[in-house]
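Worksheet: one structure, shown below.
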Amino acid sequence: MNEPNDVNAVNDASDADETGEPAPRPSGGEAPGEAHLLGLLDGFIKTKVLIGAYKLDLFTACRTPRSRADLLAQLALPERSGTILLNACVALDLLHETPEGHLQVPPALAPFLVREADAPFRTTTYLLDYYDEVFRAMVDIDELIRSDGASSSFKLRDYFKDDVSEVRDEDAAEYSTYMEATMGKIVEVVLTSYPFAEHRRILDLCGNTGTFCASVVAATPGLQGAFLDVPACVELGAKALAADPELAARVTPIAGDLFKTPIPPDYDLITMCRSAMDWGDAKMGPVYAAIHSALPENGRFLIIERMLPETNTPEALALYLRSFYFLAKSQTTRYRRPSEHVALLEAAGFRDVEIITPPRAPYQLFQSMRLIVARRGPG
Ligand SMILES: C[S@@+](CC[C@H](N)C(=O)[O-])C[C@H]1O[C@@H](n2cnc3c(N)ncnc32)[C@H](O)[C@@H]1O
């Protein structure tokens, strides 16, 4: 039987001679290149099979073993397209076939693919819906690239406003869902990688609803904190904090604009998590300089985000691919290499800059997280 990845299967018809046997592959290195390309072309269809089956709620229907006829009837799918979908799902190991010929979602996939009320937030499940929207923005990929992403139809694309008070509450809530849900795992790793206890006051810039700041403060006795973000996000965060008066007394929400609000001077640690990447050097250079000026002597600036390797390497494929998602999502977001941050930090006046590689990634999708610590020197 052909494996799902077996590109020879794709070629069987055209390569077969009259005996039905596949003709020998041409020598000279063409076949491996062809196999690589055919594999890439199939990649799109595999993803669409997954998203299509998820949107049709096939996996919930297959929570327990079901016959093919039952499934087509329940989901009201035509015989031809429904069979095409079921066959592809089985071939991709998204559904298993029982000895009786019934189909069931494999136990390892069920927590992600079967819809359930009150299911815990799962990044992978969230991305199934989110990427459906992202992929729509990639339909004319050549135009997306040619326009530096400007042609994208992505609905939250214009979330970033020149006037931050224009960010709508419902957009802030949607934008924050994923970030809040994944922050706990990031904080866990950051706390093991950086000595927050050496500080008295932390200010988290672009701190969203304050989850990072509040979690670090809660885990660090004696630390006071503040987070700055657009008013709609800060309002959400302030409401959540009000439920915990003890923590609320130690965390100050600041509604503002990273590019316009003066950075308060009395914080000996300023942080930016998953945010510096949202703007180009022309915007971030002055922000780094303002942070440098606002810090006291020996104060530190900590940048936390996924970073590209210094040289192009296949291991960073996930980062290079995710960068395409940035083209769809925003006009300026991009990953930087640590050395690019260092150059910007040095131009802003920082002299003592350290790059920290955490012991592990916070979660599957968030590989290659780095911490950059920049210390303000005397004067
Ligand atoms: C990618 S999110 C990161 C949020 C948070 N640090 C985290 O890791 O979850 C970027 C954040 O920047 C905020 N933001 C966008 N424009 C801003 C601006 N001009 N001033 C302050 N915050 C801004 C967004 O509201 C959002 O919360």
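The values are calculated or read from the model by the stated rules, or taken from the named source; none is laboratory data. What you see is a predicted model, and the numbers here were worked out from it, not measured in a lab. Reconstructed Cβ throughout: ideal geometry from the backbone, glycine too, with neighbour counts over all protein chains shown. Remember, those area values only see protein heavy atoms, side chains included, never the ligands or the DNA or RNA. Shrake-Rupley method; radii C 1.70, N 1.55, O 1.52, S 1.80 Å.
Below are the figures for this structure:
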{"item": "Pairs with Cβ under 7 Å, 6+ apart, first in the range 148-160 and closer than 10 Å to GLU133 by Cβ, second aliphatic (A, V, I, L, M) and more than 16 Å from the ligand (Cβ to nearest atom)", "result": "SER153/ALA137; PHE154/ALA137"}
{"item": "Residues of the range 72-98 that turn out to be without any contact (Cβ under 8 Å) to a residue 40 or more places away in the chain and acidic (Asp, Glu), as a count", "result": "2"}
{"item": "3 or more residues polar (S, T, N, Q): qualifying strands (runs of 3 or more DSSP E) within the range 296-379", "result": "none"}
{"item": "Whichever residue in the range 163-172 is of a type in the set (A, V, I, L, M, F, W, C) and not in a loop (DSSP other than H, G, I, E, B) and, among such residues, is least open to solvent (accessible area, probe 1.4 Å)", "result": "ALA172"}
{"item": "Qualifying residue in the range 137-154 (condition: within 11 Å of the ligand (Cβ to nearest atom), more than 24 Å from THR124 (Cβ to Cβ) and touching a helix residue (DSSP H, G or I) at 6+ places or on another chain (Cβ under 7 Å))", "result": "no"}
{"item": "Among residues of the range 304-322, those that are open to solvent by 40 Å² or more (accessible area, probe 1.4 Å) and polar (S, T, N, Q), counted", "result": "2"}
{"item": "Pair list, Cβ under 6 Å, 6 or more apart: the range 241-267 residue assigned by TED's automatic domain parsing to the domain that holds LYS161, other residue at pLDDT below 95 and crowded, with 16+ Cβ neighbours inside 10 Å", "result": "ASP257/VAL164"}
{"item": "Residue match in the range 235-256 (condition: near the ligand (Cβ under 10 Å from one of its atoms), of a type outside the set (D, E, K, R), part of a loop (DSSP other than H, G, I, E, B) and touching a strand residue (DSSP E or B) at 6+ places or on another chain (Cβ under 7 Å))", "result": "yes"}
{"item": "PRO296 modelled with pLDDT of 95 or more, farther than 27 Å from PRO338 by Cβ and assigned by TED's automatic domain parsing to the domain that holds ALA214", "result": "no"}
{"item": "Filter result for GLU310 (touching a helix residue (DSSP H, G or I) at 6+ places or on another chain (Cβ under 7 Å), more than 14 Å from the ligand (Cβ to nearest atom), closer than 19 Å to THR357 by Cα and charged (D, E, K, R))", "result": "yes"}
{"item": "Residue satisfying all of: in the range 268-284; touching a residue at least 60 places away in the same chain (Cβ under 8 Å) and open to solvent by 20 Å² or more (accessible area, probe 1.4 Å); nearest to the ligand (Cβ to nearest atom) among these", "result": "ARG274"}
{"item": "Odd one out for PHE301 among (1) open to solvent by 10 Å² or more (accessible area, probe 1.4 Å); (2) among the aromatic types (Phe, Trp, Tyr); (3) under 23 Å from GLN224 (Cα atoms)", "result": "(1)"}
{"item": "Answer from ALA232, ALA289 - the residue that is near the ligand (Cβ under 9 Å from one of its atoms) and either assigned to a helix (DSSP H, G or I) or of a type in the set (Lys, Arg) (or both)", "result": "ALA232"}
{"item": "The one condition in (1) within 15 Å of the ligand (Cβ to nearest atom); (2) not in a helix (DSSP H, G or I) that VAL217 fails to fulfil", "result": "(2)"}
{"item": "Matching entry among PRO338, PRO362 (being assigned by TED's automatic domain parsing to the domain that holds GLU310, away from the ligand (no atom under 16 Å from the Cβ) and either in contact (Cβ under 8 Å) with a residue 24 or more places away in the chain or open to solvent by 50 Å² or more (accessible area, probe 1.4 Å) (or both))", "result": "PRO338"}
{"item": "Helices (runs of 4 or more DSSP H) fully within the range 52-150 counting 2 or more residues that are open to solvent by 50 Å² or more (accessible area, probe 1.4 Å)", "result": "68-74, 79-91, 110-113, 123-137, 141-146"}
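Residue-by-condition table, conditions (1) part of a loop (DSSP other than H, G, I, E, B); (2) open to solvent by less than 40 Å² (accessible area, probe 1.4 Å); (3) more than 16 Å from the ligand (Cβ to nearest atom):
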site: LYS161; (1), (2), (3): yes, no, no
site: GLU174; (1), (2), (3): no, no, no
site: MET183; (1), (2), (3): no, yes, no
site: GLU188; (1), (2), (3): no, no, no
site: LEU191; (1), (2), (3): no, no, no
site: PHE212; (1), (2), (3): no, yes, no
